[in-house]
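Visitor: The structure that follows is given in the form of structure tokens.
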Amino acid sequence: MPIPYSNKVIDHFLKPHNAGSMKDPDAVATEGSPACGDMVKLYLKVNPETKVIDDIKFESYGCASNIATASIITDIAKGKTIEEAKKVTWKSADKELGGLPPVKVHCAVLAVDSLHAAIDNYEQSHGLVKDPKPTTKEIVISRLKHVINPLTGFNIVKANMIDDVKVENGTVTVYTKLASDHQFAANIKEEIIERIEPLWDVKKVEVKFDG
Ligand code: FES
């Protein structure tokens, strides 16, 4: 039996709004779902004076519900300030879409998490975090828990792919247990850098491979 989607979900899935990548974004975030291993990447262009989201794009490697949610939340967030966009929740997206099947809620959560993560990255990298805390090994590891190994769908911390993390004078070094010729080494490195580099006091991120 097919999953009962609303007409609005089907419309946004078949003709997604704001789909695609963006050149020179002000912030970007990739989120992976622990429930299904799918991923979504979201790009932001923000007016530096007004903090209004001038442009927003997404690339989804998820299912119809994820694509429809990313489509509708990017519509909602475009033209809003980053403070207003922070208030977008999976429940508001779900309501706008006319309701997702309960089994597909995690797909909406994934899309909304990518919006919140991109806003957080924007604030980190543009000096907008109130009372910023110095980056520690624990902070880095908590961010690495959002980087998914595409082979297993587990995050790289849970998958025991991280050997150590060092934070010294603005340089973060992530020692992985991955061989440099691992099938997804380049993707994982890119996502580690994308996650850690925006932190307000980080100047450089190095990713080391195990051979
Ligand atoms: Fe993975 Fe929907 S099943 S995003």
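The values are calculated or read from the model by the stated rules, or taken from the named source; none is laboratory data. Predicted model, so just to flag it, every value in this text is computed and none were measured. Here Cβ is always computed from backbone atoms with ideal geometry, including for glycine, and neighbour counts include all displayed protein chains.
Visitor: What are the residues in region 97-134 that are among the hydrophobic types (A, V, I, L, M, F, W, C) and part of a loop (DSSP other than H, G, I, E, B), if any? Let's see the steps before the verdict.
Guide: Filtering region 97-134 down to residues among the hydrophobic types (A, V, I, L, M, F, W, C) leaves 97, 100, 103, 105, 107-112, 115, 117-119, 128-129.
Hits for region 97-134 are LEU97, LEU100, LEU128, VAL129.
Visitor: Within region 165-189, count every residue that is part of a helix (DSSP H, G or I), without any contact (Cβ under 8 Å) to a residue 40 or more places away in the chain and surrounded by 14 or more Cβ atoms within 10 Å (Cβ to Cβ).
Guide: As a first pass, look at region 165-189 and keep what is part of a helix (DSSP H, G or I): 185-189.
Within this subset, residues satisfying the condition of being without any contact (Cβ under 8 Å) to a residue 40 or more places away in the chain are 185-187, 189.
Narrowing further to those that are surrounded by 14 or more Cβ atoms within 10 Å (Cβ to Cβ): 185, 187, 189.
Counting residues in region 165-189 that are part of a helix (DSSP H, G or I), without any contact (Cβ under 8 Å) to a residue 40 or more places away in the chain and surrounded by 14 or more Cβ atoms within 10 Å (Cβ to Cβ) gives 3.
Visitor: For region 65-83, check the following and say yes or no: at least one residue is assigned to a loop (DSSP other than H, G, I, E, B) and among the small types (Gly, Ala, Ser). Explain how you work it out, then say what you get.
Guide: Start the filter on region 65-83 by keeping residues that are assigned to a loop (DSSP other than H, G, I, E, B), which leaves 78-80.
Of the ones still in play, those that are also among the small types (Gly, Ala, Ser) are 79.
Within region 65-83 (the criterion being assigned to a loop (DSSP other than H, G, I, E, B) and among the small types (Gly, Ala, Ser)), the answer is yes, since at least one residue qualifies.
Visitor: Identify the residue in region 122-160 that is aliphatic (A, V, I, L, M) and surrounded by fewer than 20 Cβ atoms within 10 Å (Cβ to Cβ) and, among all such residues, is nearest to ASP26 (Cα to Cα).
Guide: Kept after step one, since they are aliphatic (A, V, I, L, M), are these residues of region 122-160: 128-129, 139-141, 144, 147-148, 151, 156-157, 159.
Among the residues that remain, those that are also surrounded by fewer than 20 Cβ atoms within 10 Å (Cβ to Cβ) are: 128-129, 139, 141, 151, 157, 159.
Numbers: LEU128: 13, VAL129: 16, ILE139: 22, ILE141: 24, LEU151: 29, VAL157: 27, ALA159: 30 Å.
My answer is LEU128.
Visitor: Conditions: (1) closer than 14 Å to GLU96 by Cα; (2) more than 15 Å from the ligand (Cβ to nearest atom). SER65 meets all but one. Number of the miss?
Guide: (2)
Visitor: Can you name every residue in region 105-131 that is away from the ligand (no atom under 16 Å from the Cβ) and touching a helix residue (DSSP H, G or I) at 6+ places or on another chain (Cβ under 6 Å)? Talk me through it step by step, then tell me what you get.
Guide: Going through region 105-131, the residues away from the ligand (no atom under 16 Å from the Cβ) turn out to be 116, 118-131.
Answer for region 105-131, where residues must be away from the ligand (no atom under 16 Å from the Cβ) and touching a helix residue (DSSP H, G or I) at 6+ places or on another chain (Cβ under 6 Å): ILE119, VAL129.
Visitor: Still on this structure: For region 171-182, indicate whether the set of residues that are in contact with a Ser or Thr (Cβ under 8 Å, 6 or more places away or on another chain) and not aromatic (Phe, Trp, Tyr) is non-empty.
Guide: Looking only at region 171-182, we keep the residues that are in contact with a Ser or Thr (Cβ under 8 Å, 6 or more places away or on another chain), and these are 172.
Subset that is not aromatic (Phe, Trp, Tyr): 172.
Yes, the conditions are met somewhere in region 171-182.
Visitor: Can you tell me which residues in region 22-62 are among the acidic types (Asp, Glu) and either over 16 Å from GLN124 (Cβ atoms) or within 16 Å of the ligand (Cβ to nearest atom) (or both)?
Guide: ASP24, GLU31, ASP38, GLU49, ASP54, ASP55, GLU59
Visitor: Now, a different point. Tell me which residues, restricted to region 190-205, are surrounded by fewer than 15 Cβ atoms within 10 Å (Cβ to Cβ) and in contact (Cβ under 8 Å) with a residue 24 or more places away in the chain. So that I can check it myself, show each step before the final result.
Guide: Step one: filter region 190-205 for residues surrounded by fewer than 15 Cβ atoms within 10 Å (Cβ to Cβ), giving 190, 201, 203-204.
Of everything in region 190-205, those that are surrounded by fewer than 15 Cβ atoms within 10 Å (Cβ to Cβ) and in contact (Cβ under 8 Å) with a residue 24 or more places away in the chain turn out to be ASP201, LYS203, LYS204.
Visitor: Here's another thing I want to ask about it. Mind listing just one residue for me: the one in region 118-161 that is among the hydroxyl-bearing types (Ser, Thr, Tyr) and touching a residue at least 40 places away in the same chain (Cβ under 8 Å) and, of those, farthest from ALA70 (Cα to Cα)?
Guide: Among residues in region 118-161 that are among the hydroxyl-bearing types (Ser, Thr, Tyr) and touching a residue at least 40 places away in the same chain (Cβ under 8 Å), the one farthest from ALA70 (Cα to Cα) is THR135.
Visitor: Just checking, does region 67-87 include any residue being over 17 Å from ILE148 (Cβ atoms), of a type in the set (D, E, K, R), modelled with pLDDT of 95 or more and in contact with a Gly (Cβ under 8 Å, 6 or more places away or on another chain)? Break it down into steps so the answer makes sense when it comes.
Guide: If we filter region 67-87 for residues that are over 17 Å from ILE148 (Cβ atoms), which is where we start, we get 67-69, 71-87.
Checking which are of a type in the set (D, E, K, R) leaves us with 75, 78, 80, 83-84, 86-87.
If we keep only those that are modelled with pLDDT of 95 or more as well, we get 75, 78, 80, 83-84, 86-87.
Next, from what is left, pick out any that are in contact with a Gly (Cβ under 8 Å, 6 or more places away or on another chain): none.
Among the residues of region 67-87, not one is over 17 Å from ILE148 (Cβ atoms), of a type in the set (D, E, K, R), modelled with pLDDT of 95 or more and in contact with a Gly (Cβ under 8 Å, 6 or more places away or on another chain), which makes the answer no.
Visitor: Looking at (1) under 30 Å from VAL174 (Cα atoms); (2) not in a strand (DSSP E or B), which one does ASP94 not meet, given that it meets all the others?
Guide: Condition not satisfied by ASP94: (1).
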